[in-house]
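Shown next, in structure tokens, is the structure this report addresses.
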């Protein structure tokens, strides 16, 4: 069995760590040996329902054991799993099903109506019914002889800057993810990994690969709870936690208490952590957050380790990868200057093989990431913003990330998003949507005055919307495409209009 495939990873982990606990999810605990058996019997159940190697099986399932079994079972059979965001419905769900064109859809009982009302997506299997695959009544299958570059999963991008795209993720990409992040977090077989992130995205899926790489145990919860997060970390015996940048201020907003440090976690993966909050988080919770760059399309290209982190920085280029910072014409920019990050790898099949419906990139070619970053002279990389989030006003390039950082420094601002809207004078105007802290109110004029004290004049927002919440993806990323589409409304505060009126 090829060790650079998902079945190869499962088999190797079961051989080395057979009776060690691999997974606890949805009230079920599995050893490594049991996980291998579950993958093989799920493959048999899928085959009994007519699924064949190369078929696509979409899943609309929350974090539950059936989803883990489906992911591993599809890989064992040589089929392609397509985990879908459980928040999808209507037009967006139709779009995802139309992109991946699955032969089968495995759906949670509570969500089945969403798929049925669309009338598309292949044969539908519903959990808790006779339609669902029944691995306990079939024999285990031998693993399909998949190759490292064969597609194991189609994962959808978050759709923060436009329609979600289906990314073809090969078997070896998951193996490399497991190795790279396990090394970055310094994981061992003695670790317990705790995640409450959704298994339909790269972060949580690759937590499984990290655990299998070193023989660690992983606990998967259904969803994130800011009030219960550290209690769950303590209850599960976690030594490593997984959070997103958007979760960090939510955890810090909780009332301080003895539970803040009543756990065994001492490091965590925290991509996108606001630089201003990194030390505060470490000092309060005793957890060092390791940042990095790794998208659904790539791998852990840039990262750091717990013993060497920098507040506000993603890290340095990892072994086996290369990174450049470039202009739109792909010419390099000097160190210290923002530009688009492009990456490539010397590790075979460590990156995705492209988007569904499009051709595969040439092996070893540079990949555009759509992220604006700065590379410092010593090789450390700092995230600036998404290329599409860059705001250009009066000849100046403005980082939405830096505007948001300034806004979060306001004591009454819980969350903020900055984005461009059209200007009457061409180029862009700066608009922000801000969420007040619980029990607080925000005066848009005062928000603008605060920004004027933190930012250069050209970056001070012209338009301010005070909102109850920001539109988020299931992984906590702001859907700025929705904010841009809504733009300026009748209730938006306009700094120029108020100034002229005053």
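A short reminder: the numbers here are calculations on the coordinates, not readings from a lab. Quick caveat: nothing in here was measured; it's all calculated off a predicted structure. Cβ sites come from the backbone with ideal geometry, for glycine too, and all protein chains shown count toward neighbours.
Worth pointing out:
- Annotation: the residues 440, 36, sorted from fewest to most other C-beta atoms within 10 Å of their own C-beta, follow the order 440, 36.
- Look at 424, 340 and count the other Cβ atoms within 10 Å of each Cβ; fewest to most, that gives 424, 340.
- Sequence-distant contacts, meaning Cα pairs under 8 Å at least 6 residues apart, place the relative contact order of region 291-389 at 26 percent.
- Span from the region 287-349 Cα centroid across to the region 71-87 one, whole angstrom: 28 Å
- Virtual paramagnetic centre 7 Å along Cα→Cβ of residue 365, amide N under 11 Å, in region 314-356: 354-355
- Nearest 10 degrees, 0 to 90: helix 202-214 Cα axis against the chain principal axis: 50 degrees
- Prolate/oblate/rounded label for region 162-231 (Cα gyration tensor, a/c 1.5): oblate
- Axis of helix 171-184 versus longest Cα principal axis of the chain: the two differ by about 60°, to the nearest ten degrees.
- Take every Cα pair under 8 Å whose residues are at least 6 apart in sequence, average their separation, divide by the length of the chain, and the relative contact order is 11 percent.
- Structure-derived Rg and Dmax of the Cα atoms in Å: which label, when the choices are (1) 23.1, 78; (2) 28.6, 101; (3) 29.3, 119: (1)
- Ordering of 318-324, 76-82, 123-129 by packing [mean C-beta count within 10 Å, highest first]: 76-82, 318-324, 123-129
- Neighbour-count order for 130, 179, fewest beta carbons within 10 angstrom listed first: 130, 179
- Cα-based helix-to-principal-axis angle, 32-48 vs the chain, degrees rounded to 10: 80 degrees
- Each label point was placed 7 Å from the Cα along the Cα-to-Cβ direction; for residue 322 and residue 496 their separation is 4.5 nm.
- Pair residue 467, residue 142: separation of 7 Å Cα→Cβ label points (nm): 5.5 nm
- Averaging the sequence gap over all C-alpha pairs within less than 8 Å and six or more residues apart, then dividing by the number of residues, gives region 385-502 a relative contact order of 23 percent.
- The chain - mean residue ellipticity at 222 nm from DSSP helices (-39,500 (n - 2.57) per run, n ≥ 4, rounded to 500): -8500 deg cm²/dmol
- Distance from region 16-38 to region 98-133 (C-alpha centre basis), Å: 27 Å
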